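So the structure is just underneath, and the comments pick up after that.
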Amino acid sequence: MILENNKKNDQPTKEIYLAGGCFWGTEHYFKQIEGVIETEVGYANGIIENPTYEQVCTDKTHFAETVHIRYVPERVSLEFLLHMYFKAIDPVSVNQQGHDKGTQYRTGIYFTDPEDLSIINKVYNKEQLKYQQPFAVEKQPLENFYTAEEYHQDYLDKNPDGYCHLPLSLFEFAKKANPKDK
């Protein structure tokens, strides 16, 4: 979905794919950040073609619920987005975020531009220093991504009282975050 407060323009864009548990909340969180111009929820890095939500929930497809994020690097950096990502996940939890359990709820950073890996590693390593346990966050090239069913897209916009593993205060935090501060 193209975001109202971040309408498309002629500035170059980049993309990153982030798995942070249930994609409803993760998508809504990133939509609040200035410079993010489009989000789409789907399934990343699995072993079958065109999975359904029901198939992904079996833990047999190897997919992670993931948000495809398009952003304008002149307005928000990948480094800033990744720092925001780590504020919204429990990076040491394996196959679980909040009350959601299963391999589809694992955390992961999936990239399409190999040049992004140095930034990903920089932020990952800096964040890892805050924890004694090793991170469970995958860092991998994107192998595949399939768009989730329409009813999952912009779910929390369509269902403001819908389930979300993230606290509402986090959405407000993201809305007020200033990408120029980092």
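The values are calculated or read from the model by the stated rules, or taken from the named source; none is laboratory data. These numbers were taken from a predicted model, which means no experiment stands behind them. Quick reminder, even Gly has a Cβ in these numbers, built from the backbone with ideal geometry, and neighbours come from all protein chains shown. Accessible surface is based on the protein model in full, side chains and every heavy atom, while ligands, DNA and RNA are left aside. Shrake-Rupley method; radii C 1.70, N 1.55, O 1.52, S 1.80 Å.
Kindly indicate whether Pro179 is over 20 Å from Phe23 (Cβ atoms) and open to solvent by less than 30 Å² (accessible area, probe 1.4 Å).
Spelling it out, Pro179 is indeed over 20 Å from Phe23 (Cβ atoms) and open to solvent by less than 30 Å² (accessible area, probe 1.4 Å).
Quick check on Arg75: is it out of contact with any strand residue (DSSP E or B) (no Cβ under 7 Å at 6 or more places or on another chain) and within 25 Å of Ser169 (Cβ to Cβ)?
Details: out of contact with any strand residue (DSSP E or B) (no Cβ under 7 Å at 6 or more places or on another chain): yes; within 25 Å of Ser169 (Cβ to Cβ): yes.
Against the criterion (out of contact with any strand residue (DSSP E or B) (no Cβ under 7 Å at 6 or more places or on another chain) and within 25 Å of Ser169 (Cβ to Cβ)), Arg75 qualifies.
Would you confirm whether or not the range 154-165 contains a residue that is assigned to a helix (DSSP H, G or I), among the hydrophobic types (A, V, I, L, M, F, W, C) and within 20 Å of Glu38 (Cα to Cα)?
Yes.
So how many residues does the range 134-171 have that are more than 15 Å from Val56 (Cβ to Cβ) and free of Cβ contacts under 8 Å to residues at least 12 places away in the same chain?
Residues that pass the stated criteria total 8.
Which of (1) surrounded by fewer than 17 Cβ atoms within 10 Å (Cβ to Cβ); (2) under 21 Å from Glu54 (Cβ atoms) is the odd one out, the single condition Lys139 does not satisfy?
(2)
What number goes with the only condition from (1) more than 16 Å from Thr26 (Cβ to Cβ); (2) modelled with pLDDT of 95 or more that Asn178 does not pass?
(2)
Condition check ((1) touching a Gly at 6+ places or on another chain (Cβ under 9 Å); (2) aromatic (Phe, Trp, Tyr); (3) within 17 Å of Pro141 (Cα to Cα)) across all residues:
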residue	(1), (2), (3)
Val56	yes, no, no
Thr61	yes, no, no
Pro73	yes, no, no
Arg106	yes, no, yes
Pro114	no, no, yes
